[in-house]
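**Student:** One structure follows; several queries about it will come next.
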Amino acid sequence: MNSLDMRDDVRQDRREFEYTQSDFEQVKHLVYQNAGITLQASKTNLVYSRLSKRLRACGLQRFSDYLALLKKDDEERTRAVTALTTNHTSFFREKHHFDHFTAHVWPQLKAKLEAGDRVRIWSAGCSSGEEPYSIAMALAGTDRNLPNWLLKHDFRILASDLAPHVLATAREGMYAMTIAQSIPPNLRNIWMESDGDQMVVHPLLKELIAFRELNLLGNWPMRHQFDVIFCRNVMIYFDDTTKNTLFQNFSKKLLGGGMLYIGHSERLIGKAASDFVSKGQTIYQKRAM
Ligand SMILES: C[S@@+](CC[C@H](N)C(=O)[O-])C[C@H]1O[C@@H](n2cnc3c(N)ncnc32)[C@H](O)[C@@H]1O
């Protein structure tokens with residue numbers, strides 16, 4: 001058995017399950033192949049702790065047995081991959097994006113709807129829903145009638161993620177008070193309702209959003225192009241090859257003049273970079289082609 005390192009040798013004695021360097025390398029390969037996520041060596045112990053729960057649930061003693069199971073069981077493979085995703089998010093994260101969207105983008109999109117056109121917004125890698133709900137609250141502002149108006153027009157926010165467990169939370173739209181606290185009070189008072197010690201998103205706002213399971217590395221079944229794409233803090237875990245492909249696909253899926261918002265530590269790279277003009281910090285507009 002290959003040990004992970006001296007420290008891990010010691011740990012191995014205390015570990016409930018047998019876990020080797022080769023096991024980690026195989027998990028790393030599997031997560032890269034299935035989700036594009038690159039696991040650094042520093043994630044060795046995180047992989048052990050996240051997947052231990054699955055070994056326990058499957059009644060297995062060794063990671064090598066679990067890896068053998070993953071080769072033939074598609075559902076378990078999805079569970080393993082999603083258990084290794086990082087789902088950290090918050091309402092109005094990177095607030096300058098929402099300020100930019102409300103001031104410079106939404107007025108034009110609203111005018112499009114008024115003219116009878118379609119408007120589509122995509123939150124790609126939406127995690128537990130804070131991002132798409134922030135978009136919905138940002139555009140509705142304090143206008144209580146806006147969701148009803150939008151429902152009568154050709155408007156939809158698509159919110160997608162690879163991980164079913166976060167999508168379940170997103171669909172429910174129920175959050176601890178401490179999480180809902182980062183919503184500006186004027187919006188929280190209108191769009192969040194108290195439910196015991198939690199807060200739930202207003203049903204009308206929920207109706208604006210379609211939550212879908214979607215792997216960004218797979219096929220995209222959406223027929224239409226988007227006016228705005230938010231893909232923030234998702235590509236941070238991807239290598240340059242994957243980022244390149246993804247940026248090109250986002251460019252194809254955006255209308256000319258459409259906006260792309262990416263995470264604070266990300267940057268637009270590769271062939272698609274020339275399709276966009278910078279409109280501020282991590283904000284890009286697709287050139288009219
Ligand atoms: C750190 S969260 C970011 C959430 C939100 N966009 C934000 O910025 O707050 C990253 C999300 O990307 C999702 N993700 C990772 N790889 C993915 C892939 N290949 N396809 C779709 N979603 C993916 C994860 O499941 C996770 O929920």
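**Student:** In whole percent, how big is the carbon plus sulfur part of the accessible area of the chain, probe 1.4 Å, protein atoms only? Write down the numbers at each step before the final one.
**Tutor:** Working: 6670 of 14010 Å².
The C+S portion of the solvent-accessible surface of the chain is 48 percent.
**Student:** Follow-up question, since we're still on this one. Choose one of Val234, Ser251, Ile262: the residue whose Cα lies farthest towards the positive end of the charge dipole of the stretch 222-277 (beta-carbon charges +1 Lys, Arg; -1 Asp, Glu; about the Cα centre).
**Tutor:** My answer, from the dipole projection, is Ser251.
**Student:** Given the pairs Lys243/Lys271; Lys206/Lys286; Lys112/Lys152, which are separated by over 18 angstrom at their Cα positions? Don't jump to the answer; show the numbers that get you there.
**Tutor:** Working: Lys243/Lys271 10 Å; Lys206/Lys286 28 Å; Lys112/Lys152 14 Å.
Listed pairs above 18 Å: Lys206/Lys286.
**Student:** GNM on the chain, C-alpha springs below 10 Å: top fluctuator among Thr20, Thr142, Thr178?
**Tutor:** Residue with maximal mean-square fluctuation among Thr20, Thr142, Thr178: Thr178.
**Student:** Can you give me the relative contact order of the stretch 6-83 as a percent, contacts being Cα pairs under 8 Å and 6 or more apart?
**Tutor:** Details: 47 pairs, mean separation 27.5, N = 78.
This gives 35 percent for the stretch 6-83.
**Student:** Let me ask something else about it. Going toward the positive end of the dipole of the stretch 6-83, with +1 on Lys and Arg Cβ and -1 on Asp and Glu Cβ, which of Cys58, Asn45, Thr20 do you reach last?
**Tutor:** Positive-most Cα among the choices belongs to Asn45.
**Student:** Please enumerate, by chain and number, the aspartates and glutamates with C-alpha under 17 Å from the C-alpha of Lys252, excluding those fewer than 8 residues away in the same chain.
**Tutor:** Asp227, Asp275
**Student:** If you keep only loop residues by DSSP, which trypsin sites (Lys or Arg not before Pro) in the stretch 27-136 have at most 15 other Cβ atoms within 10 Å of their Cβ?
**Tutor:** Numbers: sites: Lys28, Lys43, Arg50, Lys53, Arg54, Arg56, Arg62, Lys71, Lys72, Arg77, Arg79, Arg93, Lys95, Lys110, Lys112, Arg118, Arg120; in loops: Arg93, Arg118.
Answer in residue order: Arg118.
**Student:** If packing is taken as the average count of other Cβ atoms within 10 Å, what order do 122-128, 158-164 fall into, highest mean first? Don't skip to the end; give the middle numbers.
**Tutor:** Working: 122-128: 26.3, 158-164: 22.4.
Listed from highest to lowest mean packing, they are 122-128, 158-164.
**Student:** Taking every pair of alpha-carbon atoms in the stretch 6-83, what share in percent sits in each 10 Å bin, from 0 to the bin with the longest distance?
**Tutor:** 19, 58, 23, 1
**Student:** Given 0.36 nm per residue, what is the gain on full extension from Glu16 to Asn249 after removing their alpha carbon distance, in nm? List each step's numbers first, then the result.
**Tutor:** Details: separation 233, 0.36 × 233 = 83.88 nm, distance 4.30 nm.
That works out to 79.6 nm of additional length.
**Student:** Next question, about the same structure. Go through the stretch 223-238 residue by residue and turn each phi into a ³J(HN,Hα) via Karplus (6.51, -1.76, 1.60, θ = phi - 60°); whole Hz please, and just put x for glycine and proline.
**Tutor:** Per-residue couplings from phi come out as 7, 8, 8, 9, 7, 9, 10, 9, 9, 10, 6, 10, 6, 4, 8, 9 Hz.
**Student:** Quote to one decimal, in nm, the extra length available between His224 and Asp143 on full extension: 0.36 nm per residue of separation minus the C-alpha distance between them. Each step should come with its number before you reach the end.
**Tutor:** On the way: separation 81, 0.36 × 81 = 29.16 nm, distance 2.77 nm.
Gain on stretching His224 to Asp143: 26.4 nm.
**Student:** Now, a different point. Please state the Cα pair-distance histogram of the stretch 164-270 with 10 angstrom bins from zero: what percent is in each bin?
**Tutor:** Bin by bin from 0 Å, the calculated values are 12, 34, 32, 20, 2.
**Student:** Keeping every protein chain present and rolling a 1.4 Å probe, give me the accessible area per residue for the chain in Å². Numbers along the way, then the final one.
**Tutor:** Values: 14010 Å² over 289 residues.
In whole numbers, the chain has 48 Å² accessible per residue.
**Student:** Please work out how many pairs of lysine residues in the stretch 6-83 are eight or more positions apart (or on different chains) and have Cα atoms closer than 18 angstrom.
**Tutor:** Values: Lys28/Lys43; Lys28/Lys53; Lys28/Lys71; Lys28/Lys72; Lys43/Lys53.
Pairs that pass both the separation and distance tests number 5.
**Student:** For the stretch 65-134, what's the relative contact order in percent, using C-alpha pairs closer than 8 Å and at least 6 residues apart? Could the numbers behind the result be given before it?
**Tutor:** Details: 30 pairs, mean separation 26.7, N = 70.
Reported as a whole number, the value is 38 percent.
**Student:** Stokes-Einstein D for the stretch 61-156 at 20 °C, 1.002 mPa s, Kirkwood Rh over Cα pairs, in µm²/s?
**Tutor:** Estimated via Stokes-Einstein, D reaches 131 µm²/s.
**Student:** Can you give the relative contact order of the chain as a percent, counting alpha carbon pairs under 8 Å and 6+ residues apart? Walk me through the numbers on the way to the answer.
**Tutor:** On the way: 418 pairs, mean separation 45.8, N = 289.
Relative CO of the chain lands at 16 percent.
**Student:** Quick query: amide H of Ala159 versus all other amide H atoms, modeled in the peptide plane; which residues come in under 5 Å with a sequence gap of 5 or more or a different chain?
**Tutor:** Ser123, Ala210, Phe211, Arg212
**Student:** Output the Cα-based Rg and Dmax of the chain in Å, rounding Rg to one decimal and Dmax to a whole number.
**Tutor:** 21.0, 68
The values are calculated or read from the model by the stated rules, or taken from the named source; none is laboratory data. Since we're looking at a predicted model, the values are computed, not measured. For neighbour counting, all protein chains shown are included, and Cβ atoms are generated from backbone atoms with ideal geometry for every residue, glycine included. The accessibility values were calculated without ligands, DNA or RNA, using every heavy atom of the protein model including side chains. Shrake-Rupley method; radii C 1.70, N 1.55, O 1.52, S 1.80 Å.
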